[in-house]
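The values are calculated or read from the model by the stated rules, or taken from the named source; none is laboratory data. In this text the structure is predicted, and so the values were computed from the model without any measurement. When we count neighbours, we look across all protein chains shown, and the Cβ atoms used for this are built from the backbone with ideal geometry, even at glycine. Keep in mind that these areas ignore ligands, DNA and RNA; they rest on the heavy atoms of the full protein, side chains included. Shrake-Rupley method; radii C 1.70, N 1.55, O 1.52, S 1.80 Å.
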Amino acid sequence: MAATKILIAGFGGQGILFAGKAIAYTGLKADKEVSWLPSYGPEMRGGTANCSVTVSDEPIGSPIVDKPDILIAMNLPSLEKYLPETEKNGYIIFDSSLITPQGTRDDVITVGIPATKLASDNGLEGLANMIILGKVIKETGIFTLERIESSLSQMVPAKKAELLKNNLKAIELGYNY
């Protein structure tokens, strides 16, 4: 893997930054070079949020992801904003529960997953971000399912074991969708 540039975007409160942190930590545990750059509006929850993550075999020159190889869009404004910026042959993975794309591109791989609905239907409210993360892993092969699960197990403290269990369940749900 040379460098994979990932942009996760949506509203504050959708777990954008945590999903980015999970990717970055997994890259770190895989002995990769990583950068994680969160960005959010002043209103936080409900405002705009995005997170740039780069995972590379070589040192990373800039943490800014302006042309993502993988775009994860959690809402329509994010999809509309970053769709034109996504690299040719890149991936656009979006929450089809919340987004009905008005237009797509022929030169990217576009995958919708009803993450918010799946989260609600499976008692995993608030974990649409992890469901999409599972789908990203399956579609792109950036990491194995086992590697991300192992990293998440190290990220989430033991006193929050129930949260870990639900996060792992959400990732597997997205991976197997």
Enumerate the calculated ³J(HN,Hα) couplings along the stretch 106-123 in order (Karplus 6.51 cos²θ - 1.76 cosθ + 1.60, θ = phi - 60°), each rounded to whole Hz, writing x wherever the residue is Gly or Pro. 7, 9, 10, 9, 10, 10, x, 9, x, 4, 5, 5, 4, 4, 5, 5, 10, x
Would you work out which of S62, S97, S52 lies farthest towards the positive end of the dipole of the stretch 51-97, given +1 charges on the beta-carbon of Lys and Arg and -1 on that of Asp and Glu, about the Cα centre? S97
Indicate the gyration tensor shape class of the stretch 104-171 (rounded, prolate or oblate), computed on the Cα atoms with a ≥ b ≥ c the square roots of the eigenvalues: a/c under 1.5 is rounded; otherwise a/b larger than b/c is prolate and the rest oblate. oblate
Work out the length of the dipole vector of the stretch 89-169 about its Cα centre, built from +1 on the beta-carbon of each Lys and Arg and -1 on the beta-carbon of each Asp and Glu, and round it to the nearest 20 debye. 280
For the chain, dividing by residue count, accessible area per residue (probe 1.4 Å) in Å² works out to 49
Tell me whether the stretch 64-156 comes out rounded, prolate or oblate; compute the Cα gyration tensor, take square roots of the eigenvalues as a ≥ b ≥ c, and use a/c under 1.5 as the rounded threshold. oblate
Using a 1.4 angstrom probe on heavy atoms only, work out the carbon and sulfur share of the accessible area of the chain in %. 51
Amide H contacts of F143 (H built 1.01 Å from N, under 5 Å, at least 5 apart or other chain): none
Can you tally the net charge around P84? Count Lys and Arg as +1, Asp and Glu as -1, for every other residue whose Cβ sits under 12 Å from the Cβ of P84. -1
Taking the Cα centre of the stretch 29-134 as origin and charging only Cβ (+1 Lys, Arg; -1 Asp, Glu), how large is the dipole, in debye to the nearest 20? 240
Roughly how big is the chain's charge dipole about its Cα centre, with Cβ charges of +1 (Lys, Arg) and -1 (Asp, Glu), in debye to the nearest 20? 440
When only C-alpha pairs under 8 Å and at least 6 residues apart count, what is the relative contact order of the stretch 39-173, in percent? 15
Mind jotting down the three principal axis lengths of the chain based on Cα atoms? Whole angstrom, largest first. 42, 38, 35
How do 4-14, 88-98, 139-149 rank on mean C-beta neighbours within 10 Å, highest first? 4-14, 88-98, 139-149
Report, in deg cm²/dmol and to the nearest 500, the calculated mean residue ellipticity at 222 nm for the chain, where each DSSP H run with n ≥ 4 adds -39500 (n - 2.57) and the sum is divided by the residue count. -11500 deg cm²/dmol
